[in-house]
Every structure is written in structure tokens, then in C-alpha cells.
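See structure below.
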Amino acid sequence: MIFGLPVISVTIWLPIVFGILVLATGDDKNAPLARVLALVGSILGFLVTVPLYTGFDASTSAMQFVELHDWITRFNIHYHLGVDGISMLFILLNSFFTVIVVMAGWKVIEKRVSQYMAAFLVMSGIVNGVFAALDSILFYVFWEAMLIPMFIIIGVWGGPNRIYATMKFFLYTLLGSLLMLVALIYLYNLTGGSFSILDFHQVAIPMTAQILIFIAFFFAFAVKVPMFPVHTWLPDAHVEAPTGGSVVLAAIMLKVGAYGFLRFSMPITPDASHKLAGIMIALSLIAVVYIGLVALMQSDMKKLVAYSSISHMGFVTLGLFIFNAYGMEGALLQMLSHGFVAGALFLCIGVLYDRVHSRQIADYGGVANKMPVFAAFFMLFAMANSGLPGTSAFVGEFMVVMGAIKINFWYAFAAASTLIFGAAYTLWMYKRVIFGTVTNHHVAELTDINAREILIMTILAVAVLVMGLYPLPLADIMHVSVNDLLLHVAHSKLPL
Amino acid sequence: MNLMANIIPAAAEIFLLAMTCLILIVDVILAKHSKFITYALVQLTLLGCSIITVGTHENNVVYAFNNMYVDDLMSDVLKIISYLGMSMVLIYSRQYLKLRGLFTGEFMVLALFALLGMNVMISANHFLTLYLGLELLSLSLYAMVALQRDSAIATEAAMKYFVLGALASGLLLYGMSMLYGATGSLELGAISNAIMQGVPNKSLLAFGLVFILAGLAFKLGVVPFHMWVPDVYHGAPTAVTMLIGSVPKLAAFAFTTRILVEGLQSLEHDWSGMLIVLAIASMAIGNLSAIAQTNLKRMLAYSTITHMGFMLLGFISGGIEGYGSAMFYTVVYMMMSLGAFGMIMLLSRAGFEADTLNDFKGLNQRSPWLAFMMMLLMLSMAGIPPTVGFYAKFSVLNSIIQTGHTWLAIVAVMFSLIGAFYYLRIIKLMYFDTPESHTPILVGSDTGLLISINGLGVLFLGLMPGTLMSICAVSVQQSLLLH
């Protein structure tokens, strides 16, 4: 309880209310007020998630902080919220990144400031709703509503090809969502009239139906992750999105898809999940290896990091579908870590873009001479992206590889190759951008990052290092929930 | 049966008729510049009708005039919503009509006659009453489309509407006469009983059903009987388009329910198969054609076709769930359509119609509030939560999956995906593009307030859809399953 209000509801609605307040400041005359209000809203939004962490009981896999109210009684739909060890950390991650994004857009966004800030705040609340919803229709409402602010963010503040990118983003994700909706309604009828996700977990489903439901969910979640071959929206959306948009896409949006697999696909259709695990693993490995190679060839920094995200998310889906504790916990840690690392890399690229207005690697060179502080931070994040031990990325990747080797050596072999490719494309990019001699007058005129940017980078750097050196508290939180999920998935749900 | 027992169920319609005639006379006496009095009288009439409808409500189904007329919960709910809708149409269009010299007594009287026709259709329990209501509605609409006498495009639209409408009425009458031949009655209950007991001439029944369905499909504007819709929507003055595109859909829903469910329920197996074809064709052609439109009114016309196709899915699944969801869908559609056409009229000025897509370019820079309202309306039409359009689609999909037509639900959502594109395009134009003109938008306080209520209503009902859903389900349940 926060001031007598239920915690999760506050984490959802507080940012949304602040978003509306920010929107009410109107046009750009009041931009300073809008910025301050947005910062206050996002910081408060993060602070109210802290009780979730401090009050969390890691010894149970049951849902905690549960809120249950009638919503649409006619269809037995409830306002049902709660978190477990799988979802809780993502709410924190999301609220944390909202603060970062507001700070990152502080000076850079000059047109329609209030709308920009409001869109991010509203989205922050909606995404918290996605992670906390225990009623599938409530989940669906948040899930779809999430698209609207992102659609606007990319479309208004994005790069030159933003319209194409944002339309593609919206329609691609809508395709998956609509199929999921059909599956949810089907399950509603199967359970005899309940939309509760927890009831879906218990209901027996025949094999054919399981496979069809799995496919419907697959479309919804795989598009969001994104998995090969439905990943093509991501590079477009990332490249065209403003820095804040890219950060949120990478840090939050992609996690929502993997979370969907954990919360829906695997527990609701365990038999289909096992049956189709081979395909999922294959697609994951293709993403890891092939997309890693694609990343190597990029000349656009944002595109490179976007492809690297897809490749890293391949690790996550691989970890999920090998069905052991190493893999799953590794996947979850990888999701958290990737949020920080990819978010930080996009911020770094944003720093360069704000000054030079180019994302082409070829337009840079010798940046270290002009921006030594920035180069140091960038180095850390680049190393983290290549999976250097001691950074957060290493923990997750290592655990997934450990999990995979128990199943099949070659899975682990293919997955581990990313440690080479990842290092190759990230460090090669780093070398071309940062090192060498100053190549052109744009670079020569660069100024190093200011106090605001240093603050953002420091926070992220600390997070990456702490997670890398001491991941135990995080693993502890998810441990019981993950084991329970694995136990649940191991039992067949076919009707007797 | 005594007179009062007959009059009470129809009291609202009788009042409406009397008031319309009175307004017709008052309007002739009034000077040209004092049409506001007529307008106020019309609004008062609508208010009076609502009060009478609520006041004469009975908990059970009441028949009047030798079973030709029925007063049940469904008819009361639909009537009250149609008064509300008509009142909104008039508020939205007042300024627009004034600027075009169409703010005349004729417009308002015709609108009231159209409303009377709809209410008769909603309450009809007999083929003759149904037909009477339908013709009263249609004839009023034909005249309204042609109201702008010197506009060639409006005249053409009226002509087309009239000719095709007459053809459809003919089909309908022909079908009715065949059913009469097969069952020996024109009363819906009696027809239903006769069919249940077995009809000797099956082929006559089948032909009758086909003709009636064709007539219905024409009035609903579903493929392949949709040809008139885009031209009429485009050609008519926007105020009239708004009227055609909103409130009569309620009557069309009632009309379909009365004939197919109350009269021909036992042939459900036959007509639901035909409806599947109509529904899929409408969703396909409506959505695909809407993409190619550059005129917003035409685009909304194709979107109507799609929405009506989607609504038919509710009929295909049947039962309280199905009919209730179809009713909910229709009510929600009326609300969205009022808002969308209202927005066109808000942005129009004297001598300028804001009816092309380009007129919406950069609306967010000209008026962020209006752009936001339009965004809500478009998202609702696309069926994206948290707007009410989502629940409309959701309840129809639910009913259809419940009856085991999961494949049909998948087809429907795939076409919704295509539909989402052209609604999103409007949002894209408003938010991402730069405006073509910077003419200030003059919004009257009444229309400004109404569009805000309309837009926020779509959002509010999206957050709290339960009550309206239940009202629709309960009224269908009480009206259709008691006999």
C-alpha cells in the first residue's frame, strides 16, 4: 500500500496521470514546465515501484500484491493485477528507464515537448500494466494500448523514413495481437467462462488446439521479441525512432514479447511448447548466428545495435525453450541485462547523433580525441554488448550456454559463437567510430558530454557492472518462480 | 381491445408524428432568419419522445394493433439511442447547414419523418408495418440527399439512391409476398409458427428467404448490394451523410433482427450460411476499397460496409450472445460514425468541404484537441483498445468463437488488420504531416462540446464497457426469447 492505495495500481496509473498533466501544459511555450513535470512524474513513478522490490517475498511463486476487482462482469473480466518473480523486475526496469528517457530527451527534443514527454509517461504506465495484468483481456488492453504512444513517438519525432517504419511497426505487431485475441477468446470458452491467466494455466487442452494456440501466441510474441523471420520491423523502427524511442523499444518492448512466452505460451500450452521447441530453438539459433552476421555488415550504428538486439534476444528465446533452470534464469537475466546494455548503446549513439546528425559509421572516426569521457563510457557498454565477463551481459549468456550444453552440445556451440560475432561487430564499430585520427570537421567540432549526459551514463554503467559482478539478488528473486514454472511446464496438460 | 391499450405502446411515435406536423406548420409561418425556433422545437420533440418512451416502458413484451406493432425492451432501448443520435446529428449539422443555406424547416421535418420511419421499423411485428417504416425512412432520405438542388453530384447521388432503393424495396416486397404465399401470414410470430409446423411448399419459402435477404443486404449496404453506399455518402451534403450513416443503422439492425430472428428463426441454418458469404465479402471488399480512397466520406462509406459485415457475424453466431453483440456493435458504430462525420463538418467552412484526406494533414498543429478526438474515434473504428470499438469487435468475436466458427473469427481479424491501416493513415496525416492550410478552425461551443463528449465517450466506454454491453444483451434476451 502506498498512502492507502494498492502498489501495482499506483505504478500503472501514476505515470499515466502525470502524462495527462504534462500534456495539459500545452504548446512549446511551456516546455520547461513540461520537462520538469515529466521528470517529477517519472522519478515518482520509479519510486513507487520500489515497494514491490522491498516487500517482495522471494520464497513463493504465488502472485503477490494481488488486486482483484470486477470490471466487465458480463464476460467475467476482472481488473486483476499481481506480480511474481518473473514479472516484478521488469516493472522496475521499465519505470527506471522512463526516468532515463525523460532525461535523455531533456534538451534534444525541441518540438512538441509536452506531447513527447506525455507519450513516454503514458507508455510507462501501460507497460507496467502489461507486466502486472493477470486477466488476459486486461493484459490485451494494455498490450495493444502500448502501441499507440509508440506509434506517435516514432511517427512524430523519428528520422526521415519514420512514417514507413511506424506503420510497419504498428501493423506487424497488430497482426500478432489479433491472432492472440482469437486464442484468448477460444481459451475463455474452453475454461467455461474465465479470462484469468491463472485459470488458463490449469485448463486441459487437446494437442491440436494447443498447437494452434501456441502458433497464435507465437505470432503475437515472436513479433515483439522479435524472432527471426518476423524481425524485419525492428531495424526500421529503431533506426527511425528518436533516441528515447529506441531506448524504450530495446529496453522494454522487446522484453514484453519474451515475457509473453513465459506467461502465456509455455504454461498454457506446455505440450505444444515441448513439441515445437525444436523449431523455436532453430529460429533462436538462426537469430543468434545469422543476425549476428548481418549486424557485422551494417554501416549505420543504430541498425547495427538493432540487429545486435535481435541476436541477443535469440539467446533469450533459446534459454526459454531448452526448459531448464539455467536456461530460463539465464534468459531472464539476459533480458534485464540487454535492457541496460542496448538502452545505453542507443543513448551513446544518440549523443553522437545529437551533435553530428549522422548515424553512419563512416562519418565518424577519432571521436576519442574530442570526447574522452564519452569514449570511456561507450567502451564499457560496447564491451558489455560483446559479453565481457564482469558485465551484466556475460551472466545471462553464460547461463544460457550452460543450459544449452546440457541438452545438446551443438546448440551451445552455435549459441556461443555469438560471443565472437558480438565482439566482432561491436568492437569493430567502436574502433571505426572512436579510434583513429579525426577524420572530418564535424568530428573536430565535437564537444564532450555534459553533466546531464554523464549522470545518465554513470547510472547505467553502475547498473551494468553491479549486475555483472553480483547478480545473485536478482537470481534469488526469480528462482522460485522459475522452478515452479518449469515444474508446471513439465506436466502434460492433455485431457485424460 | 380498447383504444388506449393500442395507443400506449405507440405513444412516442404518435407524439413524434403530431409534433412533426406541427413543426411543419410552424416553420411555414416563421421568418427565414428565425429557424432556430424550429430547431429548438425539434430538439424538444426528441426530448419529449425520450420521456414518453421511458414513461410507457413495460417490463414485458406488449403487442398492439392486432399484433402489428410491438413494444419491448429492445425497441425502447434502440429508440432512446436513436433520439439521442438524431439530436446529435442536428447539433453537429446546424452550423454546417446554416453556412450552406440548408438550415431550413424541410431538413428538420424530413429528419423527423425519417426518425418516425425508423421507430416504426424498430417496433414492427408485421411485414406491412416493417415495410411502411422502411419506406417512410427511405423516402425521407432520398429527399434529403437531393436537398442541395443545384449540386450535380448530390442530385446524381439521390437519383442513384432512389432507383436502387426502389429496386431493393421491390425485392423485399416480392420476398414478403412469397413468404405470405408459403405461410399464409404476414405477421412475424405467425410466420415463425407456420414454418415450425412445416410448410408444404419448401421452394417458395427458400425463394422468399433469398429475396428478403437481398433486400435486407441492400438496406444494410453489404456486399454485393453495396454499390449505392459510396456514391450516396460522397454525394450527399455531409449533414445528410451523417444522418444516413448513423442512426438508420439501428433501425437496420432491428429490421434484420425482427425478420431473421423473430420471423425466420427456424430457417437459421439457411440464412446464416448466406450471411457468412455476405459478411466475408463485405469485410474483404469494404476494407480493400477503403484503402484506395482519397475522399474521407467515401472512405467512411467503405468502412460502413465493413462494419455492417462485421456486425452480421453476430447474427451468424446467433443466441443472446450473438444478437446482443450485434446490437452492441451497431450502437457503438453509430457513436463512432457520428463523431467522424461530425469532425468533417467541424473542419468545413463556408464554401469549403473538409472531406478529403489531405484536409486532415497536420491537424495536430492546428488544433491538438480536435486531432486527439479524431485519433480516439479512428482507433475505435480500428478496434484498438482502450477504445470502445475494441469491445464491439471483441463481443462479436466472442460470440462467433463460442459457436465454433473459429476460422471465421480469424478471417474477421485479418480483415480488421487491413482496416487498421486506413484508420491509422488518418492519424498519420493528423500527427506526422504538416498542414496544407493554416486557416483557423472556428468551432462553435455546442459542436465543440459535443465532439469532446463524443470522443471522450468512446474512450470512457472503452474503459467501462460493461453497462452498455449488459443493456444490449438483456434487451435482446427479454425481447427475443420470451416467445
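The values are calculated or read from the model by the stated rules, or taken from the named source; none is laboratory data. Since the model is a prediction, treat every value here as computed from it, not as a measurement. Here the Cβ positions follow ideal geometry from the backbone for every residue, glycine too, while neighbour counts run over all protein chains shown. Ligands, DNA and RNA are excluded from the accessible area calculation, which covers all protein heavy atoms including side chains. Shrake-Rupley method; radii C 1.70, N 1.55, O 1.52, S 1.80 Å.
Before we go on, tell me the buried accessible area for the B/A pair, both chains summed, 1.4 Å probe, in Å² to the nearest 100.
Accessible area lost upon association: around 3300 Å².
Take the alpha-carbon centre of the range A:266-311, take the same for the range B:122-191, and report the distance between them in whole Å.
If we compute the Cα centre of each part, the gap is 59 Å.
Please count, across chain B, the pairs of lysine residues with Cα atoms under 25 Å apart that sit 8 or more places apart or on different chains.
Eligible lysine pairs with Cα atoms under 25 Å apart amount to 19.
I'd like the distance separating the alpha-carbon centroids of the range A:72-88 and the range B:445-477, in whole Å.
The two parts, judged by their Cα centres, are 24 Å apart.
Using 0.36 nm per residue, how much length does the chain from A:Ile459 to A:Glu445 gain when fully extended, once their Cα-Cα distance is taken away?
This chain segment gains 2.3 nm when fully extended.
Could you state the orientation-averaged shadow area of the convex hull built on the Cα atoms of the range B:354-483, in nm² to one decimal?
With every direction weighted equally, the projected area is 10.2 nm².
Through the Karplus equation 6.51 cos²θ - 1.76 cosθ + 1.60, θ set to phi - 60°, convert the phi angles of the range B:362-375 into ³J(HN,Hα) values in whole Hz; use x for Gly and Pro.
x, 4, 4, 7, 7, 8, x, 5, 4, 4, 5, 4, 5, 4
I'd like to check one number: the per residue accessible area of the protein assembly as shown, probe 1.4 Å, reported in Å² as a whole number.
33
If only Cα atoms are counted, what is the Rg of the range B:258-402, and what is its Dmax, in Å?
For the range B:258-402, the Cα-based Rg and Dmax read 17.1, 56 Å.
Pairs of Cα atoms under 8 Å, at least six residues apart: use those to get the relative contact order of chain A, whole percent.
Taking the mean separation of contacting Cα pairs over the length of chain A, I get 15 percent.
Rounded to the nearest 0.05, what FRET efficiency do B:Leu47 and B:Leu463 have when you use their Cβ-Cβ distance and R0 = 25 Å?
The computed FRET efficiency comes out at 0.30.
Taking 4 °C and 1.567 mPa s as the conditions, I'd like the Stokes-Einstein D for the range B:327-428 in µm²/s, using the Kirkwood hydrodynamic radius from alpha carbon pairs.
For the chosen part, D equals 88 µm²/s.
May I ask you to derive the FRET efficiency for B:Val210 and B:Ser266 from their Cβ-Cβ distance with R0 = 25 Å, giving the value to the nearest 0.05?
After rounding to 0.05, the efficiency reads 0.95.
With r defined as the distance between the Cβ atoms of B:Ser34 and A:Asp70 and R0 fixed at 45 Å, what FRET efficiency is calculated, to the nearest 0.05?
Here the calculated transfer efficiency is 0.30.
What do the square roots of 5 times the Cα gyration tensor eigenvalues come to for chain B, in whole Å, largest first, as semi-axes of the equivalent ellipsoid?
Working through the eigenvalues yields semi-axes of 34, 27, 20 Å.
Diagonalise the Cα gyration tensor of the range B:82-212 and give the resulting equivalent ellipsoid semi-axes, square root of 5 times each eigenvalue, largest first, whole Å.
Gyration-tensor ellipsoid for the range B:82-212: 37, 17, 8 Å.
Within 10 Å of each Cβ of B:466-475, how many other protein chain Cβ atoms are there on average?
For peptide B:466-475, the averaged partner shielding equals 2.
In whole Hz and in residue order, list the ³J(HN,Hα) couplings for the range B:79-87 that follow from phi through the Karplus curve 6.51 cos²θ - 1.76 cosθ + 1.60, θ = phi - 60°; x for Gly and Pro.
Per residue, the Karplus-derived 3J(HN,Hα) values read 5, 4, 5, 6, 4, 4, x, 5, 4 Hz.
At 7 Å along the Cα-to-beta-carbon direction for both A:Ile286 and B:Leu288, put a label point, then send me their distance in nm to one decimal.
Each label point lies 7 Å from its Cα, and together they span 2.9 nm.
Ignoring ligands, DNA and RNA, what percent of the 1.4 Å accessible area of the range B:3-480 is carbon and sulfur?
Its accessible area is 70 percent carbon and sulfur atoms.
Report, as an integer, the average count of C-beta atoms from other chains found within 10 Å of each Cβ along A:139-148.
Going residue by residue through A:139-148 and averaging, the value is 4.
For B:Thr129, what accessible surface area do you get with a 1.4 Å probe? Give it in Å², rounded to 10.
Roughly 20 Å² of B:Thr129 is accessible to a 1.4 Å probe.
Carbon and sulfur: what percent of the range A:50-101's accessible surface (1.4 Å probe)?
56
Ignoring solvent entirely, what values of log10 I(q)/I(0) come out of the Debye formula for the range B:325-368 at 0.20, 0.31 Å⁻¹ when each Cα is a single scatterer?
-0.71, -1.08
Rounded to whole Å and sorted largest first, what semi-axes of the equivalent ellipsoid does the C-alpha gyration tensor of the protein assembly as shown yield via the square root of 5 times each eigenvalue?
That gives 55, 33, 23 Å for the three semi-axes.
Using the Cα atoms of the range B:190-349, I'd like the radius of gyration and the largest Cα-Cα distance, Dmax, both in angstrom.
Spelled out, the Cα radius of gyration and Dmax of the range B:190-349 are 16.7, 62 Å.
Report the percentage of all Cα-Cα pairs in the range A:166-306 whose separation exceeds 25 Å, rounded to a whole percent.
Of all Cα-Cα distances in the range A:166-306, 32 percent exceed 25 Å.
Quote to one decimal, in nm, the extra length available between B:Glu106 and B:Ile7 on full extension: 0.36 nm per residue of separation minus the C-alpha distance between them.
Between B:Glu106 and B:Ile7, full extension yields 32.8 nm more.
List residues of the range A:349-369, by number, whose backbone nitrogen lies under 19 Å from a label position 7 Å along Cα→C-beta of A:Thr437.
Within reach of a label on A:Thr437: A:362-369.
Let me know the mean shielding of B:422-432 by other chains, meaning the per-residue number of their Cβ atoms within 10 Å of its Cβ.
Shielding by partners across B:422-432 averages 4.
Do any residues of the range A:166-192 show a loss of at least 50 square angstrom of accessible area between the isolated chain and the full protein assembly, using a 1.4 Å probe, and if so which?
Checking the loss per residue gives A:Met167, A:Leu171, A:Leu178, A:Val182, A:Ile185, A:Asn189.
Counting only helical runs of four or more DSSP H residues, what would the 222 nm mean residue ellipticity of the protein assembly as shown come to if each run contributes -39,500 (n - 2.57) and the total is spread over all its residues?
Using -39500 (n - 2.57) per qualifying helix, the result is -24000 deg cm²/dmol.
Could you derive backbone 3J(HN,Hα) for the range A:258-263 from the dihedral phi with the Karplus parameters 6.51, -1.76 and 1.60 (θ = phi - 60°), listing whole Hz in sequence and x where the residue is Gly or Pro?
Here the 3J(HN,Hα) series is 5, 4, x, 4, 5, 8 Hz.
How much length is gained on full extension from A:Arg452 to A:Tyr79, taking 0.36 nm per residue of separation minus their Cα-Cα distance?
130.4 nm
How big is the Cα convex hull of chain A in projection, averaged over all directions, in nm²?
That works out to 21.5 nm², a quarter of the Cα hull's surface.
Compute the relative contact order of chain B as a whole-number percentage, counting only Cα pairs closer than 8 Å that sit 6 or more residues apart in sequence.
15
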